[in-house]
Amino acid sequence: MADRLLQHRAPDGTRSVILARDAQAAFVPGIDTVLALAQRAIAEGRSLLDTALACGAGESVDLAAELAAGRLIAPIDHADPAHCVMTGTGLTHLGSAEGRDKMHRDAATAAHQTDSMRMFLEGVADGKPGEGRVGQQPEWFYKGDGSQLVGPGDPLEMPAFAQDGGEEPELAGIYLIGPDGTPHRLGLCLANEFSDHVTERHNYLWLAHSKLRPAALGAELLLGEVPAHIEGTSRIARAGQTIWEKPFLSGEANMSHSLANLEHHHFKYALFRRPGDIHVHFFGTATLSFSDGIRTEEGDVFEIAAAPFTLPLANSLKRGDARPVKVERL
């Protein structure tokens, strides 16, 4: 049984939470945000699912209809976006080094591995340590705070200065830091981590610049154990026609790192264990249209779908307006 939590916003702005169990979905009475439900679960020492079930079942919901109407929003958020931290790890999936290596091998000779390939191989060798051991640390990057979080159906906006706006179909872990500083994984979401691959290709040291972009989450927060194998499809539509489509794989069976190892190397830093903060952490992908020579255009629509998530994540590409930055002296 696939249990999921969703967040709903009515036309008048009223917020609600939905619990979906397989094909059945209903509002959770008395709960307006997933954050509020998670805080209650931590306080009561219960799982997120048990806490939702204890609230009873409200009116039934047609998830597909609510998604089409634009009333399903990102399944996690914070009233103060500064307390939502968005980060990620790369080179974590089997095969993920191929596209990255293509970008960076021009700077290396045939006899010298790129830093990307070295990091990937180190993860393959020791990214899934045994019980009680700490494995190889992965590549890590910062994406922004909650102001960069985009929900299903909302556009992904690349800045006016961006050289590319490219999809990255993957999973994102959602976490809440408890009052004692303990990170609690609430669940996983389908995600589009969205990056500027042209900027990254120019120089690997510009990876940080390429990642400072919005990212989209699918409407469903998957609860419970993470499936070892997740298989989905990533596609791009232009003017209503599919211009690129490819399957993608995730889950630990398809990764060079375990989730526990990725989580350890993120939360080992004390600044990421501040009570009350939400963390959205992207786990990486091996599938990019950019690696196949696709150049996206404004108006393109990215669509990502994968079971056990029942709803697709679709977002259009938008370019932001140029805004000159002027620093005033005081």
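The values are calculated or read from the model by the stated rules, or taken from the named source; none is laboratory data. Keep in mind the model is a prediction, meaning the values are calculated, not measured. Don't worry about glycine lacking a Cβ; one is built from the backbone with ideal geometry, like all the others, and counts go over all protein chains shown.
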Selection count, region 47-92, where residues are touching a residue at least 40 places away in the same chain (Cβ under 8 Å), touching a helix residue (DSSP H, G or I) at 6+ places or on another chain (Cβ under 9 Å) and of a type in the set (Val, Ile, Thr): 5
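Quick check on region 1-48: of everything there that is among the small types (Gly, Ala, Ser) and closer than 28 Å to Asp180 by Cβ, which residue is surrounded by the fewest Cβ atoms within 10 Å (Cβ to Cβ)?
Initially, region 1-48 is screened for residues among the small types (Gly, Ala, Ser), giving 2, 10, 13, 16, 20, 23, 25-26, 30, 36, 38, 41, 43, 45, 47.
Within this subset, residues satisfying the condition of being closer than 28 Å to Asp180 by Cβ are 30, 36, 38, 41, 43, 45, 47.
Details: Gly30: 13, Ala36: 13, Ala38: 23, Ala41: 21, Ala43: 11, Gly45: 8, Ser47: 13.
The qualifying residue surrounded by the fewest Cβ atoms within 10 Å (Cβ to Cβ) is Gly45.
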Unique match (being in contact with a Pro (Cβ under 6 Å, 6 or more places away or on another chain), assigned by TED's automatic domain parsing to the domain that holds Leu313 and of a type in the set (Val, Ile, Thr)) among Ile243, Ile177: Ile177
Subset of region 247-257 that is assigned to a strand (DSSP E or B) and touching a residue at least 60 places away in the same chain (Cβ under 8 Å) - its residue that is surrounded by the most Cβ atoms within 10 Å (Cβ to Cβ): Ser250
Some residue of region 223-246 being of a type in the set (S, T, N, Q) and either surrounded by 24 or more Cβ atoms within 10 Å (Cβ to Cβ) or in contact with a helix residue (DSSP H, G or I) (Cβ under 6 Å, 6 or more places away or on another chain) (or both): yes
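Of all residues in region 186-222 being among the acidic types (Asp, Glu) and in a loop (DSSP other than H, G, I, E, B), which is surrounded by the most Cβ atoms within 10 Å (Cβ to Cβ)?
Here is the first cut: in region 186-222, the ones among the acidic types (Asp, Glu) are 193, 196, 200, 220.
Imposing the further condition that a residue be in a loop (DSSP other than H, G, I, E, B) reduces the set to 193, 196.
On the way: Glu193: 27, Asp196: 24.
Among those that are among the acidic types (Asp, Glu) and in a loop (DSSP other than H, G, I, E, B), it is Glu193.
For region 155-168, how many residues meet the condition of being assigned to a loop (DSSP other than H, G, I, E, B) and within 15 Å of the chain's Cα centre (by Cα)?
Filtering region 155-168 for residues assigned to a loop (DSSP other than H, G, I, E, B) gives 155, 159-165, 167-168.
Of the ones still in play, those that are also within 15 Å of the chain's Cα centre (by Cα) are 167-168.
The total comes to 2.
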Search result, residues across region 122-147 that are part of a helix (DSSP H, G or I) and either among the basic types (Lys, Arg) or surrounded by fewer than 19 Cβ atoms within 10 Å (Cβ to Cβ) (or both): Glu122, Val124, Ala125, Asp126, Ser147
Residue match in region 150-164 (condition: of a type in the set (Gly, Ala, Ser) and under 21 Å from Pro75 (Cβ atoms)): yes
Neighbours by Cβ (under 9 Å, 6+ apart or cross-chain): first from region 306-325, among the β-branched types (Val, Ile, Thr) and surrounded by 15 or more Cβ atoms within 10 Å (Cβ to Cβ); second assigned to a loop (DSSP other than H, G, I, E, B) and at pLDDT below 95: Thr310/Ala2; Thr310/Asp22; Thr310/Ala23
Helices (runs of 4 or more DSSP H) wholly inside region 31-82 that include at least 2 residues being touching a His at 6+ places or on another chain (Cβ under 9 Å) and within 26 Å of Pro275 (Cβ to Cβ): 34-44
Selection within region 269-324 - farther than 24 Å from Gly232 by Cβ and assigned to a loop (DSSP other than H, G, I, E, B): Tyr269, Arg273, Arg274, Pro275, Gly276, Asp277, Glu298, Gly320, Asp321, Ala322, Arg323, Pro324
Residue that is at pLDDT 95 or above and not assigned by TED's automatic domain parsing to the domain that holds Pro308, where the choices are Ala2, Ala20, Ala82: Ala20
